[in-house]
1. How far apart, in nanometres, would the label points at B:Thr98 and A:Ser266 be if each is projected 7 angstrom from Cα along the Cα-to-Cβ direction?
2. Pick from B:Glu324, B:Glu413, B:Glu51 the residue whose mean-square fluctuation is largest in a GNM of chain B, springs joining Cα atoms under 10 Å.
3. Please work out whether the stretch A:201-289 counts as rounded, prolate or oblate from its C-alpha gyration tensor, where a ≥ b ≥ c are the square roots of the eigenvalues and a/c under 1.5 means rounded, while otherwise a/b larger than b/c means prolate and anything else oblate?
4. Rounded if a/c is under 1.5, else prolate if a/b is larger than b/c, else oblate: which is the stretch B:30-186, with a ≥ b ≥ c the root eigenvalues of its Cα gyration tensor?
5. Spelling out what I want: for every residue of the stretch B:209-216, take phi, set θ = phi - 60°, compute 6.51 cos²θ - 1.76 cosθ + 1.60 (Karplus), and round to whole Hz; glycine and proline get x.
6. Can you pull the percent of Cα pairs in chain B with separation above 27 Å?
7. If every alpha-carbon in the stretch A:30-190 counts as one equal scatterer, what log10 I(q)/I(0) does Debye give at q = 0.10, 0.12, 0.20 1/Å?
8. Compute the Cα gyration tensor for the protein assembly as shown, then decide on rounded, prolate or oblate, letting a ≥ b ≥ c be the square roots of its eigenvalues: rounded whenever a/c is under 1.5, prolate when a/b is larger than b/c in the other cases, and oblate in all that remain.
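Read-outs: derived from the displayed coordinates by stated rules, not from any lab. It should be emphasised that the depicted structure is a prediction, and the values quoted were computed from it without experimental measurement. With ideal geometry, Cβ positions are generated from the backbone for all residues, glycine too; neighbour counts draw on all protein chains shown.
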Amino acid sequence: MTASPLYSGTQVSRVETPAAQGATELGVDPTEKDARGGRPRLGVFKFASCSGCQGVLLSCEDELLALADALEILYFPEASSHLQEEGPFDLALVEGSISAPEHLEQIQKIRARSKTLVTIGACATSGGIQALRNFGNLDDFVHRVYPRPEFIAALATSTAVAEHVKVDYELRGCPISKRQLLELITAILLGRRPEIRNESLCLGCKRYGYVCVTVAHGLPCLGPVTMNGCGALCPSVGRGCYGCFGPKEGANTEAMAQRMLQLGMSKDDVRNAFRFITGYAQAFREESARHE
Amino acid sequence: MNEQMNGKVSKEHDGTRTFRVEMLTRVEGEGRFHLEVKDGQVRKAILHIFEPPRFFEGFLVGRSLFEVPDITARICGICPVTYQMSSTRALEAILGITPSTGIRKLRRLMYCAEWIESHALHIFLLHAPDFLGYASALEMARDHRGLVETALRMKKVGNSLLEAIGARAIHPVSVRVGGFTKPPSPRRLQALLPELEWGLEAAQETVTITNSLPMPEFQQPYVFVALDGGADYPLEWGEQIAVSGRDPVPLGEFEKVFIEEQVDRSPAFHCRLPDGTPYLTGPMARLNLFADRLHPRAQEALERTGLTLPVLNPYRSIVVRAVELVHAFAEAVDLVREYTPPEPPYFEAPLRAGEGFGATEAPRGLQYQRYRVNDAGIVQEARIVPPTSQNQPRIEADLAGLGPELLAMSQEEATLRCEQLIRAYDPCISCATHFLKLDIREVED
Ligand code: SF4
Ligand code: SF4
């Protein structure tokens with residue numbers, strides 16, 4: 001399959017842990033397909049999430065059966081009752097944020113059993129919408145709101161997987177884009193690097209010829225600071241982008257915030273605009289803090 | 001299939017037999033179950049949810065009501081439209097907006113698309129493998145490739161329709177309080193007609209296929225609960241909730257009649273009627289209460305099955321779901337044929353303080369929301385009741401009812417029978433954990 005201009009998978013390596021380093025040796029080069037007489041082995045894992053990103057995989061209706069032929073699916077609880085949790089996995093797709101105490105150990109195990117670990121979606125790459133709790137005090141929160149708080153086990157923060165283990169690639173979005181997912185899997189199967197494009201959504205809009213919602217209708221839009229990956233869906237239906245693919249690298253969020261204030265948004269509105277689906281991604285987190 | 005898969009554990013000592021699965025598969029989200037039978041008596045029947053809580057009702061507070069549909073969509077990647085629709089309904093009630101017929105029809109079409117996608121997924125990819133003895137649809141495809149391809153094609157039709165209306169199928173972006181940011185062009189929708197018409201035939205075929213599956217015999221005394229959609233089959237709109245054998249419940253009374261409480265041992269809530277009776281929501285409840293409102297094509301399909309109402313065997317919900325799949329395709333075809341873009345695409349109204357309720361029918365059952373907002377349109381309190389927390393006590397009661405029959409079976413067969421029963425509810429476990437009771441007066445600074 002050929003690369004679409006819309007792909008914008010990002011290569012990340014934020015954390016080096018001993019477990020992560022050990023992992024590479026355990027795994028098997030997916031390009032050496034028949035080293036063990038088998039196909040590359042896939043695991044699909046879920047932490048705190050809505051399952052929408054796994055849903056994108058299941059929504060590859062035209063490709064799903066071919067994928068199932070090309071890959072050996074060892075662990076994918078939402079699709080299959082055959083669970084081989086021990087792996088080892090050539091490719092691990094990880095959805096969801098690290099949000100509960102048991103996740104800390106689970107993600108280390110997955111890393112140790114996986115050759116290539118890819119985080120899929122806003123939850124896994126930024127903490128997701130549930131990271132909105134990171135801006136308050138969870139402890140007070142849980143004790144105040146649950147009639148039986150003793151049964152609630154949650155970490156104080158919901159965080160990205162890369163805060164805990166080395167991540168080989170990440171796919172952004174809430175949910176991820178199907179085209180990016182297929183490109184990534186194809187690239188890994190072929191042993192090449194996925195096509196990566198770090199462009200803003202705003203640039204995308206111009207390329208597709210969409211009318212700018214800010215210029216034409218005065219609507220606030222996070223397009224200038226958001227990573228393009230969706231294909232500028234919101235402007236295509238006449239609304240501003242709300243940043244679900246997270247910040248583009250090197251985004252000038254301060255200038256963006258100024259623009260939004262000029263458009264008549266209040267400080268609270270600007271803070272909330274950055275503090276949304278990907279609000280705990282560093283650039284957006286820092287910008288929202290400037291409008292406390 | 002082997003005993004190792006799926007962490008099944010069997011134990012037998014002092015006359016106690018235990019059936020459990022540590023990781024439920026082919027359901028949305030993470031859970032396990034545990035059933036203990038001693039001397040023919042069920043001692044424990046527990047469906048345990050171990051999804052981490054995500055606190056939606058907490059962080060909705062302080063957000064603008066216009067942000068709500070984009071937030072609540074993220075509760076569930078399988079039924080985001082459900083959450084968006086119940087939210088907009090509740091918030092529009094606060095603002096005094098009554099959406100036009102055109103907007104309501106487009107919403108109904110969008111909801112049909114979600115039913116198509118979700119029902120096709122559940123019937124074939126999640127549930128049918130139980131009946132035919134496979135671990136997954138992908139494995140099933142080795143022997144029944146055509147069947148799985150048909151399922152995927154139907155699912156794709158649903159997704160394409162969602163994309164045409166909402167720009168993407170999971171977490172659509174065109175839904176807003178008051179209507180749609182931009183409705184699709186008639187051409188875009190009409191281009192999908194051939195596939196929708198194909199889907200309608202494929203769904204009819206699905207009814208025949210599911211109706212011929214080997215069906216375990218099992219019955220329970222159910223209380224059925226479904227949204228009363230007036231002349232329409234329950235879906236995206238309704239002012240009251242129907243309860244079999246009891247008085248209907250106006251939306252505003254929901255929380256008085258369907259009592260939600262936090263369950264020991266988990267971050268999920270359970271709902272019961274005030275006298276403690278568990279109830280059932282979802283396809284079987286909708287059909288048993290409102291079969292007369294099915295689309296004529298779906299009524300024909302139902303007649304062909306020879307099913308007598310009320311359907312009381314939860315395993316048969318796979319057939320009921322297929323009948324609803326026919327309904328969703330048939331309505332979608334009608335709605336696309338008569339479609340003209342709603343004008344205006346959305347309504348606006350001045351912000352004001354108030355409280356509003358919204359309930360709609362997710363593919364897997366009734367979904368209720370309530371909001372209280374201040375005069376600046378900022379959410380002060382949010383309450384969200386997903387279908388699975390309503391069905392969970394009913395699932396446990398079913399498991400308890402199943403207990404005695406299981407004793408005559410092998411461990412593997414019995415465990416599988418339990419799983420098949422749980423899957424009949426199409427549980428959406430992520431949804432069931434995201435909720436919490438919140439007293440805003442304590443939280444506000
Ligand atoms: S990133 Fe969005 S779509 Fe993906 S799992 Fe998280 S909430 Fe769901
Ligand atoms: S335009 Fe922005 S908010 Fe909309 S889907 Fe794309 S990245 Fe997400």
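1. A separation of 3.1 nm, rounded to one decimal place.
2. Top of the fluctuation ranking is B:Glu413.
3. Oblate, because a/c is 1.5 or more while a/b does not exceed b/c.
4. oblate
5. 3J(HN,Hα) across the stretch B:209-216, in whole Hz: 4, 5, 5, 9, 5, x, 10, x.
6. So the portion of pairs separated by more than 27 Å is 51 percent.
7. Scattering profile of the stretch A:30-190, log10 relative to I(0): -0.38, -0.53, -1.28.
8. Rounded.
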